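Asks: Mind looking over this structure? Questions follow.
The values are calculated or read from the model by the stated rules, or taken from the named source; none is laboratory data. Computed from a prediction, not measured in an experiment: that's the story for all the values here. Cβ sites come from the backbone with ideal geometry, for glycine too, and all protein chains shown count toward neighbours.
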Amino acid sequence: MFAEDETIEPIDTCGCGDIGYLTARTVPIDLAHGVGHVNNVPVYHCRSNSCQQFTLPSLVSRRLDSIAEELEETKTTETIYSFKNDQERNQGAYTPTLDPLRRTNDQTHIEAFTFQFANRQYEDARVVQIVPGEAIFFQSKFEETEYYLLRYEEDNRTEGKWFSFLKFYYEEPDLTYQDFLEWSEDGHLKELGRITLDEVEDMLIDEFGEWA
Ligand SMILES: [Zn+2]
């Protein structure tokens, strides 16, 4: 188990020493019965095509230890990364609730939800950055200064989980979350709408086309 207040930062260091951006990749894993593979593991990578290295967020590497045990128990070698094991999920950790004591579980849910967008490509836009539990950044495939942001809006007064959908133009070649936060304090963002978690997938397909 990891500490409940631990989160994954959007930026850390790649295995090569350069800035590492949070993304997802298939990671080999040593098992008692051979080498396995875990797909869609959160990693930091420098975005350089020639760099084969990466680093793992610490909670992810601990989670991989439990995934290895699960794979050894079931004698399988291939799985998809998940933040929680099935047992915890079945105990209701994913049930939405407004109870503040259960908020950490909500946070984990939003984190896992945002993370599944890593590397996703739509017809008209690609996901360029994920801030787990907070935000997903999309960049237009036709106009490289055109960005969209899906941002989790924490609001315990209303039922459901809400996101705002925003559009902005950003001229710098690389978008980092820290720079973005400072820059966006001066406005620059145009809100296109607010939607619930259940509406996110359909809305993105309406906006950007199907994803591959
Ligand atoms: Zn690198």
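Asks: Do we have VAL60 as closer than 22 Å to THR176 by Cα and part of a helix (DSSP H, G or I) here? Even if it seems obvious, please write down each step before you answer.
Replies: Details: closer than 22 Å to THR176 by Cα: yes; part of a helix (DSSP H, G or I): yes.
Against the criterion (closer than 22 Å to THR176 by Cα and part of a helix (DSSP H, G or I)), VAL60 qualifies.
Asks: For region 47-77, give me each residue that is touching an Asp or Glu at 6+ places or on another chain (Cβ under 9 Å), farther than 24 Å from THR13 by Cα and β-branched (Val, Ile, Thr).
Replies: Residue satisfying the conditions is THR76 alone.
Asks: Which residues, taken from region 22-49, are away from the ligand (no atom under 13 Å from the Cβ), surrounded by fewer than 19 Cβ atoms within 10 Å (Cβ to Cβ) and under 21 Å from ILE136 (Cα atoms)?
Replies: THR26, ASN39, ASN40
Asks: Can I ask one more? From the set of residues in region 50-90 that are surrounded by fewer than 11 Cβ atoms within 10 Å (Cβ to Cβ) and modelled with pLDDT under 85, which is farthest from ASP198 (Cα to Cα)?
Replies: Out of the qualifying residues, it is GLN87.
Asks: Can you spot a residue in region 171-184 that is among the aromatic types (Phe, Trp, Tyr) and modelled with pLDDT under 85? Show your work before the answer.
Replies: Looking only at region 171-184, we keep the residues that are among the aromatic types (Phe, Trp, Tyr), and these are 177, 180, 183.
Filter again for modelled with pLDDT under 85, leaving 177.
Among the residues of region 171-184, at least one is among the aromatic types (Phe, Trp, Tyr) and modelled with pLDDT under 85, which makes the answer yes.
Asks: List every residue pair whose Cβ atoms lie under 9 Å apart, where the two residues are 6 or more positions apart in sequence or sit on different chains, the first residue falls within region 10-26 and is within 21 Å of GLY133 (Cβ to Cβ) and in a strand (DSSP E or B), and the second residue, located anywhere, is of a type in the set (Phe, Trp, Tyr) and more than 12 Å from the ligand (Cβ to nearest atom).
Replies: Hits for this filter: ILE11/TYR177; LEU22/PHE115; ALA24/TYR81; ALA24/PHE115.
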